[in-house]
Amino acid sequence: MRYIDEFRDKNLIRSLAQRINQVMPQQPINLMEVCGTHTMSFHRFGLKRLLPSHLRLVSGPGCPVCVSDENYIDKAVAYSKIKDVIIVTFADMLRVPGSRSSLEKQRARGSDVRIVYSAWDTLRIACDNPKKTVIFLSVGFETTAPTIALSLQEARRKNLKNLLFFSSLKLIPAAMDYLLKDKRLNIQGFLCPGHVSTIIGVKSYEFIPKKYGIACCIAGFEPLDIMQGIYVLLRQIRQDRPEVINQYMRLVKRQGNKKAQAVIKKAFKITDTKWRGIGCVPKSGLKLKNEFFRFDVEKVMPLKLRGELKDKRLKLCRCGDVLKGIIQPLECPLFAKSCKPQSPQGPCMVSSEGTCHAYYKYQ
Amino acid sequence: MCLAIPLEVEKIEGDFVLVKAGGILRRVNIQMLPDVKVGDFILVHAGFAIEKINPLKAKETLDLINEIH
(Lines give C-alpha, C1' and ligand atoms only; values in the text may rest on other atoms or scores of the structure.)
Protein backbone atom coordinates (compact mmCIF):
# COMPACT_ATOMS: atom_id res chain seq x y z
CA MET A 1 0.00 0.00 0.00
CA ARG A 2 1.31 3.42 -0.89
CA TYR A 3 2.74 5.55 1.88
CA ILE A 4 2.76 2.53 4.14
CA ASP A 5 5.02 -0.12 2.61
CA GLU A 6 7.88 2.30 2.02
CA PHE A 7 7.83 3.13 5.70
CA ARG A 8 8.14 -0.53 6.68
CA ASP A 9 11.32 -1.32 4.75
CA LYS A 10 13.21 -3.87 6.89
CA ASN A 11 16.68 -2.85 5.72
CA LEU A 12 16.09 0.77 6.58
CA ILE A 13 14.62 -0.18 9.95
CA ARG A 14 17.75 -2.18 10.74
CA SER A 15 20.11 0.55 9.67
CA LEU A 16 18.24 3.13 11.74
CA ALA A 17 18.54 0.73 14.68
CA GLN A 18 22.30 0.69 14.14
CA ARG A 19 22.47 4.48 14.06
CA ILE A 20 20.37 4.66 17.21
CA ASN A 21 22.81 2.37 18.97
CA GLN A 22 25.69 4.55 17.75
CA VAL A 23 24.21 7.88 18.85
CA MET A 24 22.86 6.58 22.18
CA PRO A 25 24.52 8.32 25.14
CA GLN A 26 26.24 6.32 27.90
CA GLN A 27 23.67 7.18 30.54
CA PRO A 28 20.16 5.67 30.62
CA ILE A 29 17.62 7.65 28.64
CA ASN A 30 13.84 7.72 29.08
CA LEU A 31 11.63 8.82 26.23
CA MET A 32 7.90 9.24 26.60
CA GLU A 33 5.58 8.27 23.79
CA VAL A 34 2.47 10.28 24.52
CA CYS A 35 0.18 8.48 22.12
CA GLY A 36 -1.42 5.08 22.62
CA THR A 37 -1.00 4.26 18.96
CA HIS A 38 2.77 4.70 19.22
CA THR A 39 2.82 2.19 22.07
CA MET A 40 0.83 -0.28 20.01
CA SER A 41 2.94 0.14 16.85
CA PHE A 42 6.09 -0.15 18.87
CA HIS A 43 5.01 -3.52 20.23
CA ARG A 44 3.30 -4.75 17.11
CA PHE A 45 6.41 -4.33 14.98
CA GLY A 46 8.76 -5.73 17.64
CA LEU A 47 10.92 -2.62 17.73
CA LYS A 48 11.97 -2.93 21.37
CA ARG A 49 14.58 -5.62 20.78
CA LEU A 50 16.30 -3.38 18.23
CA LEU A 51 16.97 -0.66 20.76
CA PRO A 52 19.78 -0.25 23.29
CA SER A 53 19.00 -1.82 26.64
CA HIS A 54 19.45 1.44 28.54
CA LEU A 55 16.90 3.24 26.36
CA ARG A 56 13.51 3.11 27.97
CA LEU A 57 10.26 4.00 26.21
CA VAL A 58 7.65 5.12 28.67
CA SER A 59 3.98 5.24 27.76
CA GLY A 60 2.09 8.40 28.58
CA PRO A 61 -1.56 9.32 28.94
CA GLY A 62 -2.32 9.22 25.23
CA CYS A 63 -5.39 7.07 25.35
CA PRO A 64 -8.52 9.23 25.69
CA VAL A 65 -10.64 6.37 26.92
CA CYS A 66 -8.05 5.47 29.57
CA VAL A 67 -8.00 8.98 30.99
CA SER A 68 -11.74 9.57 31.06
CA ASP A 69 -12.61 10.23 34.66
CA GLU A 70 -14.43 7.51 36.59
CA ASN A 71 -17.17 9.97 37.41
CA TYR A 72 -17.75 10.40 33.66
CA ILE A 73 -18.19 6.64 33.25
CA ASP A 74 -20.53 6.53 36.26
CA LYS A 75 -22.66 9.29 34.74
CA ALA A 76 -22.73 7.52 31.36
CA VAL A 77 -23.90 4.39 33.18
CA ALA A 78 -26.55 6.41 35.01
CA TYR A 79 -27.78 7.94 31.74
CA SER A 80 -27.99 4.48 30.18
CA LYS A 81 -30.47 3.42 32.86
CA ILE A 82 -32.94 6.19 32.01
CA LYS A 83 -36.00 5.16 30.00
CA ASP A 84 -35.98 5.98 26.26
CA VAL A 85 -32.31 6.91 26.24
CA ILE A 86 -29.92 5.60 23.62
CA ILE A 87 -26.24 5.86 24.57
CA VAL A 88 -23.98 6.16 21.54
CA THR A 89 -20.26 5.65 21.99
CA PHE A 90 -16.96 4.74 20.37
CA ALA A 91 -16.21 1.04 20.78
CA ASP A 92 -13.42 1.19 23.31
CA MET A 93 -15.55 2.97 25.93
CA LEU A 94 -17.84 -0.01 26.28
CA ARG A 95 -15.77 -2.06 28.71
CA VAL A 96 -14.17 0.70 30.80
CA PRO A 97 -15.08 0.11 34.43
CA GLY A 98 -16.70 2.87 36.44
CA SER A 99 -16.87 2.61 40.22
CA ARG A 100 -19.55 -0.07 40.02
CA SER A 101 -20.50 -0.92 36.47
CA SER A 102 -19.68 -0.42 32.81
CA LEU A 103 -21.68 0.31 29.68
CA GLU A 104 -21.16 -3.24 28.54
CA LYS A 105 -22.72 -4.55 31.72
CA GLN A 106 -25.61 -2.12 31.39
CA ARG A 107 -26.17 -3.22 27.82
CA ALA A 108 -26.38 -6.81 29.02
CA ARG A 109 -29.02 -5.66 31.48
CA GLY A 110 -31.16 -4.15 28.73
CA SER A 111 -29.84 -0.61 28.20
CA ASP A 112 -29.71 0.65 24.63
CA VAL A 113 -26.00 1.23 24.05
CA ARG A 114 -24.75 1.54 20.47
CA ILE A 115 -21.31 1.76 18.95
CA VAL A 116 -20.35 4.19 16.21
CA TYR A 117 -17.15 4.60 14.23
CA SER A 118 -17.83 8.28 13.51
CA ALA A 119 -19.51 11.11 15.43
CA TRP A 120 -21.43 11.83 12.21
CA ASP A 121 -23.30 8.51 12.62
CA THR A 122 -25.05 9.91 15.70
CA LEU A 123 -27.11 12.20 13.44
CA ARG A 124 -28.70 9.26 11.66
CA ILE A 125 -29.44 7.48 14.95
CA ALA A 126 -31.14 10.60 16.30
CA CYS A 127 -33.19 11.06 13.10
CA ASP A 128 -34.24 7.39 13.08
CA ASN A 129 -35.34 7.48 16.73
CA PRO A 130 -37.27 10.75 17.20
CA LYS A 131 -38.99 9.59 20.39
CA LYS A 132 -35.72 8.70 22.11
CA THR A 133 -33.01 10.85 23.63
CA VAL A 134 -29.69 10.07 22.03
CA ILE A 135 -26.64 10.84 24.17
CA PHE A 136 -23.26 10.73 22.44
CA LEU A 137 -20.18 10.11 24.59
CA SER A 138 -17.78 12.62 23.05
CA VAL A 139 -14.41 11.20 23.99
CA GLY A 140 -11.10 11.94 22.30
CA PHE A 141 -8.23 14.34 21.83
CA GLU A 142 -7.62 17.05 19.28
CA THR A 143 -7.86 14.60 16.37
CA THR A 144 -11.43 13.71 17.28
CA ALA A 145 -12.58 17.11 18.58
CA PRO A 146 -13.14 18.68 15.13
CA THR A 147 -15.12 15.64 13.95
CA ILE A 148 -17.44 16.11 16.92
CA ALA A 149 -17.61 19.87 16.40
CA LEU A 150 -18.71 19.37 12.78
CA SER A 151 -21.32 16.80 13.83
CA LEU A 152 -22.61 19.20 16.47
CA GLN A 153 -22.91 21.99 13.91
CA GLU A 154 -24.81 19.69 11.58
CA ALA A 155 -27.14 18.72 14.44
CA ARG A 156 -27.89 22.41 14.91
CA ARG A 157 -28.32 22.98 11.19
CA LYS A 158 -30.81 20.07 11.05
CA ASN A 159 -32.47 21.44 14.18
CA LEU A 160 -32.38 18.06 15.89
CA LYS A 161 -34.27 18.02 19.17
CA ASN A 162 -33.18 14.69 20.58
CA LEU A 163 -29.39 14.56 20.26
CA LEU A 164 -27.17 15.45 23.21
CA PHE A 165 -23.41 15.47 23.56
CA PHE A 166 -21.50 14.48 26.71
CA SER A 167 -18.01 15.81 26.35
CA SER A 168 -14.87 14.27 27.77
CA LEU A 169 -12.64 15.79 25.11
CA LYS A 170 -9.10 16.56 26.17
CA LEU A 171 -6.05 18.50 25.03
CA ILE A 172 -2.63 16.88 24.84
CA PRO A 173 -0.12 19.77 25.22
CA ALA A 174 -1.80 20.87 28.48
CA ALA A 175 -1.34 17.37 29.87
CA MET A 176 2.28 17.28 28.79
CA ASP A 177 2.88 20.58 30.58
CA TYR A 178 1.21 19.23 33.72
CA LEU A 179 3.22 15.99 33.71
CA LEU A 180 6.46 17.91 33.36
CA LYS A 181 5.72 19.68 36.64
CA ASP A 182 5.88 16.34 38.51
CA LYS A 183 9.40 15.91 39.85
CA ARG A 184 9.10 12.11 39.77
CA LEU A 185 8.89 12.24 36.00
CA ASN A 186 12.32 11.53 34.59
CA ILE A 187 12.24 11.85 30.82
CA GLN A 188 14.62 13.46 28.36
CA GLY A 189 12.42 13.47 25.28
CA PHE A 190 8.88 13.22 23.95
CA LEU A 191 7.72 11.29 20.93
CA CYS A 192 4.78 13.52 20.04
CA PRO A 193 1.51 12.14 18.65
CA GLY A 194 1.42 12.23 14.87
CA HIS A 195 -2.28 12.61 14.18
CA VAL A 196 -3.06 15.05 17.01
CA SER A 197 -0.25 17.11 15.47
CA THR A 198 -1.89 17.23 12.05
CA ILE A 199 -4.57 19.27 13.79
CA ILE A 200 -2.59 21.39 16.26
CA GLY A 201 0.68 21.78 14.36
CA VAL A 202 4.31 21.90 15.39
CA LYS A 203 4.02 25.21 17.23
CA SER A 204 1.89 23.67 19.98
CA TYR A 205 4.87 21.87 21.47
CA GLU A 206 7.44 24.65 21.25
CA PHE A 207 6.98 25.58 24.91
CA ILE A 208 8.45 22.22 25.94
CA PRO A 209 12.06 22.69 24.85
CA LYS A 210 11.83 26.40 25.73
CA LYS A 211 10.41 26.01 29.22
CA TYR A 212 11.77 22.58 30.22
CA GLY A 213 14.76 21.93 27.95
CA ILE A 214 13.26 18.64 26.79
CA ALA A 215 13.58 17.30 23.24
CA CYS A 216 10.49 16.74 21.11
CA CYS A 217 9.90 14.89 17.88
CA ILE A 218 6.56 14.56 16.12
CA ALA A 219 6.53 11.10 14.59
CA GLY A 220 4.29 9.03 12.38
CA PHE A 221 3.18 5.50 13.22
CA GLU A 222 4.97 3.28 10.76
CA PRO A 223 8.11 1.50 12.04
CA LEU A 224 10.44 3.78 10.07
CA ASP A 225 8.69 6.84 11.47
CA ILE A 226 9.10 5.65 15.04
CA MET A 227 12.73 4.64 14.55
CA GLN A 228 13.58 7.91 12.87
CA GLY A 229 11.74 9.77 15.63
CA ILE A 230 13.79 8.01 18.29
CA TYR A 231 17.01 8.65 16.39
CA VAL A 232 16.18 12.36 16.09
CA LEU A 233 15.42 12.60 19.81
CA LEU A 234 18.66 10.89 20.82
CA ARG A 235 20.63 13.16 18.54
CA GLN A 236 19.05 16.22 20.16
CA ILE A 237 19.81 14.85 23.62
CA ARG A 238 23.38 13.95 22.68
CA GLN A 239 23.99 17.45 21.32
CA ASP A 240 22.05 19.08 24.14
CA ARG A 241 19.94 20.95 21.59
CA PRO A 242 16.30 20.44 22.58
CA GLU A 243 13.78 21.64 20.04
CA VAL A 244 10.64 20.42 18.25
CA ILE A 245 11.42 18.44 15.14
CA ASN A 246 8.72 17.31 12.75
CA GLN A 247 9.49 13.81 11.43
CA TYR A 248 5.94 13.43 10.14
CA MET A 249 6.22 16.27 7.67
CA ARG A 250 4.25 14.43 4.97
CA LEU A 251 1.15 15.10 7.09
CA VAL A 252 1.97 17.66 9.77
CA LYS A 253 2.27 21.34 8.92
CA ARG A 254 3.83 23.88 11.24
CA GLN A 255 0.48 25.62 11.74
CA GLY A 256 -1.54 22.40 11.69
CA ASN A 257 -4.99 22.24 10.11
CA LYS A 258 -6.36 25.78 10.54
CA LYS A 259 -9.83 24.83 9.36
CA ALA A 260 -10.03 22.10 12.00
CA GLN A 261 -8.78 24.48 14.69
CA ALA A 262 -11.42 27.06 13.72
CA VAL A 263 -14.16 24.45 13.87
CA ILE A 264 -13.06 23.38 17.36
CA LYS A 265 -13.00 26.97 18.55
CA LYS A 266 -16.52 27.56 17.22
CA ALA A 267 -18.02 24.66 19.13
CA PHE A 268 -16.02 24.33 22.32
CA LYS A 269 -14.57 26.30 25.19
CA ILE A 270 -11.47 25.29 27.16
CA THR A 271 -11.95 24.21 30.78
CA ASP A 272 -10.01 22.58 33.59
CA THR A 273 -10.76 18.88 33.64
CA LYS A 274 -9.98 15.70 35.56
CA TRP A 275 -7.82 13.07 33.94
CA ARG A 276 -8.27 9.61 35.41
CA GLY A 277 -5.22 8.66 37.43
CA ILE A 278 -3.62 12.08 37.02
CA GLY A 279 -5.90 14.62 38.62
CA CYS A 280 -7.29 17.97 37.59
CA VAL A 281 -5.28 19.41 34.71
CA PRO A 282 -5.78 23.13 34.05
CA LYS A 283 -7.09 24.22 30.63
CA SER A 284 -7.01 20.67 29.31
CA GLY A 285 -10.64 19.95 28.52
CA LEU A 286 -13.21 20.97 25.96
CA LYS A 287 -16.85 21.56 26.83
CA LEU A 288 -19.70 22.74 24.59
CA LYS A 289 -19.97 26.51 24.24
CA ASN A 290 -22.99 28.13 25.88
CA GLU A 291 -24.68 28.77 22.53
CA PHE A 292 -24.95 24.98 22.09
CA PHE A 293 -26.53 24.51 25.51
CA ARG A 294 -29.56 22.64 24.15
CA PHE A 295 -27.20 19.94 22.83
CA ASP A 296 -25.26 19.72 26.07
CA VAL A 297 -26.43 16.81 28.23
CA GLU A 298 -24.82 18.40 31.29
CA LYS A 299 -27.13 21.40 30.90
CA VAL A 300 -30.27 19.64 29.64
CA MET A 301 -30.13 16.55 31.91
CA PRO A 302 -27.73 17.32 34.75
CA LEU A 303 -26.95 14.41 37.07
CA LYS A 304 -25.67 14.37 40.58
CA LEU A 305 -24.35 11.01 41.70
CA ARG A 306 -24.29 9.77 45.27
CA GLY A 307 -20.85 8.95 46.60
CA GLU A 308 -20.05 5.38 45.69
CA LEU A 309 -17.86 2.99 47.63
CA LYS A 310 -14.91 1.85 45.60
CA ASP A 311 -14.25 -1.83 45.06
CA LYS A 312 -11.20 -2.79 47.19
CA ARG A 313 -9.34 -4.13 44.17
CA LEU A 314 -9.68 -0.80 42.39
CA LYS A 315 -7.69 0.78 45.21
CA LEU A 316 -4.72 -1.37 44.23
CA CYS A 317 -5.01 -0.31 40.59
CA ARG A 318 -2.02 1.75 39.58
CA CYS A 319 -3.25 2.98 36.21
CA GLY A 320 -2.50 6.54 37.26
CA ASP A 321 1.20 5.88 37.70
CA VAL A 322 1.32 3.86 34.48
CA LEU A 323 -0.32 6.73 32.58
CA LYS A 324 2.20 9.17 34.00
CA GLY A 325 5.03 6.91 32.92
CA ILE A 326 6.26 6.48 36.48
CA ILE A 327 5.91 2.70 36.54
CA GLN A 328 5.73 -0.02 33.92
CA PRO A 329 2.69 -2.33 33.82
CA LEU A 330 4.68 -5.15 35.43
CA GLU A 331 5.07 -3.05 38.55
CA CYS A 332 1.32 -2.92 39.14
CA PRO A 333 0.20 -5.60 41.64
CA LEU A 334 -2.86 -6.43 39.55
CA PHE A 335 -1.15 -6.79 36.15
CA ALA A 336 -1.61 -10.20 34.55
CA LYS A 337 -3.12 -11.51 37.78
CA SER A 338 -6.60 -10.12 38.40
CA CYS A 339 -6.19 -7.59 35.61
CA LYS A 340 -6.10 -9.03 32.11
CA PRO A 341 -7.74 -8.05 28.80
CA GLN A 342 -10.61 -10.45 29.44
CA SER A 343 -11.11 -9.12 32.98
CA PRO A 344 -9.77 -5.55 33.08
CA GLN A 345 -9.65 -3.70 36.40
CA GLY A 346 -8.59 -0.35 35.09
CA PRO A 347 -8.63 1.69 31.90
CA CYS A 348 -5.03 0.86 30.86
CA MET A 349 -6.04 -2.73 30.34
CA VAL A 350 -9.45 -2.08 28.81
CA SER A 351 -8.60 0.02 25.84
CA SER A 352 -6.87 -1.61 22.90
CA GLU A 353 -4.49 1.34 23.03
CA GLY A 354 -3.95 1.09 26.76
CA THR A 355 -0.39 0.55 27.91
CA CYS A 356 -1.17 -2.53 29.98
CA HIS A 357 -3.22 -4.05 27.19
CA ALA A 358 -0.32 -3.60 24.75
CA TYR A 359 2.18 -5.08 27.19
CA TYR A 360 -0.05 -8.05 27.95
CA LYS A 361 -0.73 -8.76 24.32
CA TYR A 362 2.81 -8.51 23.06
CA GLN A 363 5.01 -9.54 25.98
CA MET B 1 -8.29 5.30 17.72
CA CYS B 2 -5.48 6.97 15.85
CA LEU B 3 -5.47 4.06 13.42
CA ALA B 4 -5.76 6.16 10.32
CA ILE B 5 -4.14 5.21 7.05
CA PRO B 6 -3.70 7.23 3.85
CA LEU B 7 -6.48 6.46 1.36
CA GLU B 8 -6.82 7.59 -2.23
CA VAL B 9 -9.66 9.92 -3.22
CA GLU B 10 -11.71 8.28 -5.99
CA LYS B 11 -14.62 10.70 -6.35
CA ILE B 12 -15.80 13.99 -4.88
CA GLU B 13 -19.43 14.47 -3.85
CA GLY B 14 -19.94 17.87 -2.26
CA ASP B 15 -18.86 17.75 1.39
CA PHE B 16 -17.85 14.11 0.98
CA VAL B 17 -15.41 12.04 -1.02
CA LEU B 18 -15.31 8.37 -1.84
CA VAL B 19 -12.21 6.38 -0.94
CA LYS B 20 -11.46 2.73 -1.39
CA ALA B 21 -10.64 0.84 1.78
CA GLY B 22 -10.34 -2.94 1.84
CA GLY B 23 -12.08 -3.21 -1.51
CA ILE B 24 -15.08 -1.19 -0.31
CA LEU B 25 -15.93 2.37 -1.24
CA ARG B 26 -16.26 4.52 1.88
CA ARG B 27 -17.75 7.98 2.23
CA VAL B 28 -15.52 10.45 4.02
CA ASN B 29 -16.43 13.94 5.23
CA ILE B 30 -14.06 16.63 3.87
CA GLN B 31 -15.44 19.71 5.63
CA MET B 32 -12.04 20.08 7.34
CA LEU B 33 -10.17 19.64 4.08
CA PRO B 34 -12.10 21.35 1.30
CA ASP B 35 -9.26 21.48 -1.26
CA VAL B 36 -8.91 17.76 -1.98
CA LYS B 37 -8.66 16.49 -5.52
CA VAL B 38 -9.22 13.07 -7.05
CA GLY B 39 -5.99 11.13 -6.68
CA ASP B 40 -4.93 12.82 -3.41
CA PHE B 41 -4.10 10.53 -0.51
CA ILE B 42 -5.98 11.63 2.59
CA LEU B 43 -5.71 10.66 6.22
CA VAL B 44 -9.10 9.50 7.47
CA HIS B 45 -9.98 9.59 11.15
CA ALA B 46 -13.40 8.51 12.42
CA GLY B 47 -15.07 9.16 9.07
CA PHE B 48 -13.44 12.54 8.41
CA ALA B 49 -10.47 13.60 6.31
CA ILE B 50 -8.08 15.44 8.61
CA GLU B 51 -5.15 16.06 6.27
CA LYS B 52 -3.75 15.06 2.92
CA ILE B 53 -0.34 13.54 2.21
CA ASN B 54 2.27 15.85 0.74
CA PRO B 55 4.10 13.55 -1.71
CA LEU B 56 7.18 15.79 -1.84
CA LYS B 57 7.51 15.73 1.94
CA ALA B 58 7.00 11.97 1.95
CA LYS B 59 9.89 11.62 -0.47
CA GLU B 60 11.98 14.05 1.59
CA THR B 61 11.42 11.90 4.68
CA LEU B 62 12.50 8.73 2.88
CA ASP B 63 15.52 10.55 1.41
CA LEU B 64 16.59 11.61 4.90
CA ILE B 65 16.26 8.05 6.14
CA ASN B 66 18.24 6.76 3.17
CA GLU B 67 20.97 9.28 3.92
CA ILE B 68 21.27 7.83 7.39
CA HIS B 69 21.40 4.39 5.77
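The values are calculated or read from the model by the stated rules, or taken from the named source; none is laboratory data. Remember, predicted model here, so these are calculated numbers, not experimental data. Glycine also receives a Cβ, built like all others from the backbone with ideal geometry; neighbour counts cover every protein chain displayed. For the accessible areas, the whole protein counts, side chains as well, though only heavy atoms, and no ligand, DNA or RNA atoms are used. Shrake-Rupley method; radii C 1.70, N 1.55, O 1.52, S 1.80 Å.
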Excluding residues on the same chain fewer than 8 positions from A:LYS132, give the lysines whose Cα lies under 23 Å from its Cα. A:LYS75, A:LYS81, A:LYS83, A:LYS105, A:LYS158, A:LYS161, A:LYS299, A:LYS304
With all protein chains present, calculate the accessible area of A:ILE115 using a 1.4 Å probe and round the result to the nearest 10 Å². 80 Å²
State the percent of C-alpha pairs, over all pairs in chain B, separated by a distance greater than 14 angstrom. 58 percent
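Work out how much length A:ARG2 to A:GLN239 would gain on full extension: take 0.36 nm times their residue separation and subtract the Cα-Cα distance, in nm to one decimal.
Working: separation 237, 0.36 × 237 = 85.32 nm, distance 3.47 nm.
Additional length available on full extension: 81.8 nm.
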Taking all protein chains as present, what is the carbon and sulfur share of the accessible area of segment A:81-223, in % to the nearest whole number, probe 1.4 Å? 50 percent
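Taking R0 as 25 Å, what FRET efficiency do you get between A:ARG294 and A:ASP182 from their Cβ-Cβ distance, rounded to the nearest 0.05? Working shown, then result.
Values: r = 39 Å, r/R0 = 1.58.
About 0.05, to the nearest 0.05.
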May I ask you to give the percent of accessible area on chain B that is carbon plus sulfur, with a probe radius of 1.4 Å? 55 percent
Nearest-10 value in Å² for the accessible area of A:ARG19, using the 1.4 Å probe: 80 Å²
Residue-averaged 222 nm ellipticity for chain A, from DSSP H runs of 4+ at -39500 (n - 2.57), nearest 500: -10000 deg cm²/dmol
Can you give me the pair-distance distribution of segment A:156-226, C-alpha pairs, 5 Å bins, whole percents? 3, 12, 21, 18, 14, 10, 7, 6, 5, 4, 0
With only alpha-carbon atoms counted, please give the Rg and Dmax of segment A:1-48, in Å. 12.8, 39
Would you list which aspartates and glutamates come within 19 Å of A:LYS289, measuring only between C-alpha atoms, while excluding same-chain residues fewer than 8 positions from it? A:GLU142, A:GLU154, A:ASP272, A:GLU298
What Kirkwood Rh does the protein assembly as shown have if only Cα atoms enter the pairwise 1/r average? Answer in Å. 22.2 Å
Add -39500 (n - 2.57) for each DSSP H run of 4 or more in chain B, then divide by its residues: what number comes out at 222 nm, to the nearest 500 deg cm²/dmol? -6500 deg cm²/dmol
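Using a Förster distance of 56 angstrom, determine the FRET efficiency expected from the C-beta separation of A:PHE207 and A:LYS131, and round it to 0.05. Show your work: numbers first, answer last.
Values: r = 49 Å, r/R0 = 0.88.
Rounded to the nearest 0.05, the efficiency is 0.70.
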Equivalent-ellipsoid semi-axes (√(5λ), Cα gyration tensor) for segment A:194-288, whole Å, largest first? 26, 18, 12
At 1.4 Å probe size, what's the solvent-accessible area of A:LYS253? Round to the nearest 10 Å². 110 Å²
